[in-house]
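One structure is given below, encoded as structure tokens.
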Amino acid sequence: MKDWFPFTSYDFYSYLACGMVFLFGVDYWYSGGQYLLHEWTVSQGALIVALSYIVGQIIAIPSSMVLEHCLVRSALRAPAILMLSEKQNKTEKFIEKYLIGRHYSPLPKNVISRVYMRAEEETGLSYTALEADVNEIFAPALVNARKTAEIRDRIDFFRNQYSFSRNVSFSAFLVFLLMLDGYFRIGNEDFLAGMIFAFSISFGMLVRFIKFYSCCAAEVLRSYAKQKV
């Protein structure tokens, strides 16, 4: 971001956008957009931005817990684990082929071998111990990757993008629940349209989250395999 902008790129991508999506959703559910869907004064605009940032910070907590830790790391395999394994399961093949396109599959065998070789040398752990806990590989790999400015910039880009996608996906899903409540409680057709739109945004951004999360892991592991010890 520019020097005059009061937020970093990470703040903007991860907090402001998802907070504003949620606030607009709440306003539409509660009042039909009476409070936010009009021209703002400078002071009102500043207040909305501040509230969006605060709400975005709060939403990031359950977003990380539910989408990143419960869904992507538990219900699915974390990208780093998948990339260092020998094969994909049917769900992973479907996600890569029809939703993501790239970087959600095992790395080439020579790259995996190089990653494990470096990790054994640097951590002193055996192959079996590293295979049991991929974090023992990813942590030093990330440290090494961030030593190179070009790679660090790409990792930061992917991190900004997956944080943004994850938080907006979760925020839009909360809006979907509000629209669902409004539709069944009031029966207004506008809530049905809002419900469909919010769910589409939530699902689309979830797919983008998995993609950029995978791209970030791939960048870290590939750079670890290429760099000299």
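The values are calculated or read from the model by the stated rules, or taken from the named source; none is laboratory data. In this text the structure is predicted, and so the values were computed from the model without any measurement. Using ideal geometry, Cβ is built from the backbone for each residue, glycine included, and neighbour counts are taken over all protein chains shown.
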**Message:** Kindly evaluate I112 against the criterion of being touching a Pro at 6+ places or on another chain (Cβ under 9 Å), within 27 Å of S163 (Cα to Cα), of a type in the set (V, I, T) and buried (at least 16 other Cβ atoms within 10 Å of the Cβ).
**Reply:** yes
**Item:** Selection status of F138, exposed (fewer than 15 other Cβ atoms within 10 Å of the Cβ) and out of contact with any strand residue (DSSP E or B) (no Cβ under 8 Å at 6 or more places or on another chain)
**Value:** no
**Complete:** Taking first residues from the range 191-209 that are farther than 11 Å from L177 by Cα and without any contact (Cβ under 8 Å) to a residue 12 or more places away in the chain and second residues anywhere that are of a type in the set (G, A, S) and assigned to a helix (DSSP H, G or I), the pairs with Cβ under 7 Å that are 6 or more apart or on different chains are none
**Pick from the range 67-80, criterion of a type in the set (A, V, I, L, M) and part of a loop (DSSP other than H, G, I, E, B), ranking: farthest from the chain's Cα centre (by Cα)** = L76
**Request:** Could you tell me whether R114 is among the charged types (D, E, K, R) and within 15 Å of A217 (Cβ to Cβ)?
**Result:** no
**Complete:** The helices (runs of 4 or more DSSP H) lying entirely within the range 103-195 that contain at least 2 residues which are more than 23 Å from P62 (Cα to Cα) and among the polar types (S, T, N, Q) are 109-123
**Asked** Looking at the range 170-194, which of the residues that are surrounded by 23 or more Cβ atoms within 10 Å (Cβ to Cβ) and of a type outside the set (A, V, I, L, M) is farthest from S31 (Cα to Cα)?
**Response** F170
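Residues are listed down the side, and each one gets a yes or a no for (1) among the hydroxyl-bearing types (S, T, Y); (2) at pLDDT 85 or above; (3) not in a loop (DSSP other than H, G, I, E, B):
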site: P6; (1), (2), (3): no, no, no
site: F12; (1), (2), (3): no, no, yes
site: Y15; (1), (2), (3): yes, yes, yes
site: F24; (1), (2), (3): no, yes, yes
site: Y30; (1), (2), (3): yes, yes, yes
site: Y35; (1), (2), (3): yes, no, no
site: G45; (1), (2), (3): no, yes, yes
**Message:** Being of a type in the set (A, V, I, L, M), under 25 Å from L180 (Cβ atoms) and surrounded by fewer than 13 Cβ atoms within 10 Å (Cβ to Cβ) narrows it down to one residue among L23, L37, L47; which is it?
**Reply:** L37
**Asked** So which residues in the range 81-98 are without any contact (Cβ under 8 Å) to a residue 60 or more places away in the chain and either charged (D, E, K, R) or in a loop (DSSP other than H, G, I, E, B) (or both), if there are any at all?
**Response** S85, E86, K87, Q88, N89, K90, E92, K93, E96, K97
**Request:** Could you tell me which numbered condition R102 fails, if it satisfies all but one of (1) buried (at least 18 other Cβ atoms within 10 Å of the Cβ); (2) closer than 14 Å to R222 by Cβ?
**Result:** (1)
**Message:** Which pairs turn up if I take residues in the range 145-160 that are closer than 19 Å to Y15 by Cα and look for partners that are modelled with pLDDT under 90 and part of a helix (DSSP H, G or I) with beta carbon separation below 6 Å, at least 6 apart in sequence or on another chain?
**Reply:** N160/S9; N160/Y10; N160/Y13
